[in-house]
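Colleague: Pasting a structure below so you can have a look.
All of the numbers you see were taken from the coordinates with simple rules; none came from a lab. The structure displayed is predicted, hence computed values, not measured ones.
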Amino acid sequence: MNKFGELFVFPREPRDVESSAIIRECVERGNGIETPSGRLGVWLDSPLIDMLHGDGYINKQFPAMHRQFIRYGIDITKEPMLIYPSLHYQNGGIEINERCETNIAGLYVAGEASGGLHGRNRLMGNSVLDYNVFGRISGEFAAKYSKSVKLGKLTLDHIIKYDEELKAAKIKTDLITPVLSPSYTPEDVKKRQLTAHYEGTLR
């Protein structure tokens with residue numbers, strides 16, 4: 001729903017149609033909800049799910065999503081989610097052949113990391129085909145490859161090289177591994193995540 005509480009798209013359209021409609025509603029029509037950081041979104045009426053299917057349905061069917069929002073102090077069974085499309089369909093793109101081989105010997109790729117079968121218009125559980133069919137293919141050929149591969153000597157040369165590149169570029173960091181994307185998680189949420197993680201470990 002937009003900022004006026006109006007339903008502006010048929011709920012069962014394919015994801016590309018839904019995404020386009022959300023962007024159009026926010027950007028072109030100016031009917032998006034502005035966040036404190038200046039971003040725009042629309043409401044996904046998640047409480048309606050429990051209303052239609054009974055209390056506890058969200059917790060049972062979408063436990064990870066429920067926990068994810070609870071970390072930010074949002075109970076999606078009681079209040080709607082603010083959403084906006086992201087690059088969900090462009091996660092992959094590694095080139096493979098019919099055996100799921102890449103151009104790196106011994107590296108096999110399956111599923112959306114390879115771009116996926118359905119492209120940007122992948123719908124819900126269609127990705128099951130990606131990992132069931134191509135996961136099996138890549139597993140079979142990786143197993144065959146493992147029988148003939150000759151292992152080299154294990155070293156930490158790649159880490160030493162990375163450290164040397166940082167020094168040459170005069171980059172000072174306390175990170176011990178390359179990070180491709182910045183962390184957008186607020187500090188107070190990080191503390192809750194760490195606490196929850198360690199409590200779970202101790203249990």
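Colleague: What residues have an amide H closer than 5 Å to that of M81, excluding those fewer than 5 places away on the same chain, when H is modeled at 1.01 Å from N in the peptide plane?
Modeller: Long-range HN contacts for M81: L44, S46.
Colleague: For K144, go through the aspartates and glutamates and keep the ones whose alpha-carbon is under 19 Å away, minus same-chain ones fewer than eight residues off.
Modeller: E98, E101
Colleague: Right, next: Less than 24 Å apart at the alpha-carbon level, and either on another chain or at least 8 residues along: which lysines does that give for K170?
Modeller: K161
Colleague: Rounded to whole Hz and in sequence order, give me ³J(HN,Hα) for the range 21-31 from the Karplus expression 6.51 cos²θ - 1.76 cosθ + 1.60, θ = phi - 60°, writing x for Gly and Pro.
Modeller: 5, 5, 4, 4, 5, 7, 8, 7, 8, x, 9
Colleague: Follow-up. Report D for the range 26-72 in µm² per second (integer): Stokes-Einstein, Kirkwood Rh on Cα pairs, 37 °C, 0.692 mPa s.
Modeller: My calculation gives 260 µm²/s for D.
Colleague: On to the next question. Excluding residues on the same chain fewer than 8 positions from K78, give the lysines whose Cα lies under 22 Å from its Cα.
Modeller: Within reach: K3, K60.
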